[in-house]
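Peer 1: Pasting a structure here, questions to come.
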């Protein structure tokens, strides 16, 4: 029986545990707040990035696993360190390290000629004032956070003065020239540097300055051959530049007004926002199981489909800031044949703040339809019927 160690589970990583148990694997997991007794677990003191290695090391001392899967951003380095030490399949310590720092990403991609925004890394935002003025509009972002946290568009001179006044004390930051155009992500299964499966997810976000993601539509097909070729060149260039080994890659890019795909950032972990579930529905196979198989060196080729068989999406409802006074339409939305799940994180009486990061969203709806047109009709139905009322 193969032994798999999961680094981080939480809510969105629970399907890894489900898949491992379904496959009959001996599964253990590391978690700050373990709440699933179906498998042995190793509790860590807190969710700080460095602490995860403590749980991983204790698990390895108990029994060396046959494979390790690190789930989210704080888990990546702990997983990669253990994978390298034990000689197990993984993205590579090089790829994991680069993925956790946006400055390292920009430097690596510049050296490999990957299309990306002009950028400046700084530990003193005041010293970056002239660069920002010369490259307006720009985006200011932290080096290692995710979910749009701390990402801010700076559009003019007044905004430059404001962001310096507010964020000069933050220390190390990345400043990038803003790229405008539709946003996408690319998810791929990679084995020893070879792309086995790839998907493009079309994104919808809030307007500037925060760009919080509100919908994801996997299975996107670029009809312009030049754009499709550019995306293929960009994604393979990223895989090569980070030294990707084996596992799941998630990168984000925009297609600029000139039709050239430009890289935003890359991660060697499971994407959030329930994108893997939407991908699994779209392509008709369990992406979580495929990742487990790669981590264990098991065959995966016959499991994976490369063409969409359905059309799924994740959608994140919004409302105006204030205190929630009513939530209407949940039961009605659930009755729609294309709606798989409605999961809300907020209830009547909870406060809705201005939407500046993914953590502030109110929940999500998972949709699966037989055609792109039916998917859009279902999304429209949800937008109209799921009404969250607030009062200031």
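Peer 1: Return yes when residue 325 is modelled with pLDDT under 95 and over 23 Å from the mean Cα position of the chain (by Cα) and no when it is not.
Peer 2: So residue 325 does not fit the description; no.
Peer 1: State all residues of segment 277-286 that are within 12 Å of residue 201 (Cβ to Cβ) and free of Cβ contacts under 8 Å to residues at least 40 places away in the same chain; if no residue qualifies, say none.
Peer 2: Answer for segment 277-286, where residues must be within 12 Å of residue 201 (Cβ to Cβ) and free of Cβ contacts under 8 Å to residues at least 40 places away in the same chain: there is none.
Peer 1: With respect to residue 291, determine if the residue is under 30 Å from residue 25 (Cα atoms) and assigned to a helix (DSSP H, G or I).
Peer 2: The answer is yes for residue 291.
Peer 1: Failed condition for residue 205, given (1) buried (at least 16 other Cβ atoms within 10 Å of the Cβ); (2) assigned by TED's automatic domain parsing to the domain that holds residue 292; (3) in contact with a strand residue (DSSP E or B) (Cβ under 6 Å, 6 or more places away or on another chain), with all others met?
Peer 2: For residue 205, the exception is condition (1).
Peer 1: Against the condition buried (at least 17 other Cβ atoms within 10 Å of the Cβ) and part of a strand (DSSP E or B), how does residue 121 come out, does it pass?
Peer 2: yes
Peer 1: Tell me, yes or no, whether segment 97-106 has at least one residue that is buried (at least 19 other Cβ atoms within 10 Å of the Cβ), under 18 Å from the mean Cα position of the chain (by Cα), within 18 Å of residue 191 (Cα to Cα) and in contact (Cβ under 8 Å) with a residue 24 or more places away in the chain.
Peer 2: Yes: segment 97-106 contains one or more residues that are buried (at least 19 other Cβ atoms within 10 Å of the Cβ), under 18 Å from the mean Cα position of the chain (by Cα), within 18 Å of residue 191 (Cα to Cα) and in contact (Cβ under 8 Å) with a residue 24 or more places away in the chain.
Peer 1: A further question on this structure: Can you tell me which residue within segment 20-34, out of those that are surrounded by fewer than 22 Cβ atoms within 10 Å (Cβ to Cβ) and within 24 Å of the chain's Cα centre (by Cα), is nearest to residue 70 (Cα to Cα)?
Peer 2: 28
Peer 1: Here's another thing I want to ask about it. Hey, can you tell me all the residues within segment 263-272 that are at pLDDT 95 or above and either surrounded by fewer than 21 Cβ atoms within 10 Å (Cβ to Cβ) or in a loop (DSSP other than H, G, I, E, B) (or both)?
Peer 2: 268, 269, 270, 271, listed by residue number.
Residue-by-condition table, conditions (1) in contact with a strand residue (DSSP E or B) (Cβ under 8 Å, 6 or more places away or on another chain); (2) under 21 Å from residue 97 (Cβ atoms):
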| position | (1), (2) |
| --- | --- |
| 28 | yes, no |
| 39 | yes, no |
| 48 | no, yes |
| 52 | yes, yes |
| 55 | yes, yes |
| 58 | yes, no |
| 61 | no, no |
| 68 | yes, yes |
| 71 | yes, yes |
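Peer 1: Applying the selection to segment 183-207, what residues are in contact (Cβ under 8 Å) with a residue 60 or more places away in the chain, within 27 Å of residue 353 (Cβ to Cβ) and over 15 Å from the mean Cα position of the chain (by Cα)?
Peer 2: 206 - this is the single residue of segment 183-207 that is in contact (Cβ under 8 Å) with a residue 60 or more places away in the chain, within 27 Å of residue 353 (Cβ to Cβ) and over 15 Å from the mean Cα position of the chain (by Cα).
Peer 1: Taking residue 345 and the conditions (1) crowded, with 17+ Cβ neighbours inside 10 Å; (2) within 25 Å of residue 213 (Cβ to Cβ), which numbered condition does it fall short on, given that it satisfies the others?
Peer 2: Tallying (1) crowded, with 17+ Cβ neighbours inside 10 Å; (2) within 25 Å of residue 213 (Cβ to Cβ), residue 345 fails exactly one: (1).
Peer 1: Which residues, counting only those in segment 288-306, are in contact with a strand residue (DSSP E or B) (Cβ under 8 Å, 6 or more places away or on another chain), closer than 22 Å to residue 201 by Cβ and crowded, with 19+ Cβ neighbours inside 10 Å?
Peer 2: Selection gives 290, 291, 292, 294, 300.
Peer 1: Related question: Return yes or no: is residue 289 touching a helix residue (DSSP H, G or I) at 6+ places or on another chain (Cβ under 8 Å) and at pLDDT below 95?
Peer 2: So residue 289 fails the test.
Peer 1: Taking residue 137 as the residue in question, decide whether it is closer than 27 Å to residue 278 by Cα and in contact with a helix residue (DSSP H, G or I) (Cβ under 9 Å, 6 or more places away or on another chain).
Peer 2: No; evaluated as a whole, the condition is false for this residue.
Peer 1: Keeping to segment 153-172, report how many residues are in contact with a helix residue (DSSP H, G or I) (Cβ under 6 Å, 6 or more places away or on another chain) and either surrounded by 18 or more Cβ atoms within 10 Å (Cβ to Cβ) or in a loop (DSSP other than H, G, I, E, B) (or both).
Peer 2: So the count comes out to 3.
The values are calculated or read from the model by the stated rules, or taken from the named source; none is laboratory data. The model shown is predicted, which means the values in this text are computed figures rather than measured ones. Cβ: placed from backbone, ideal geometry, glycine included. Neighbour counts: every protein chain shown.
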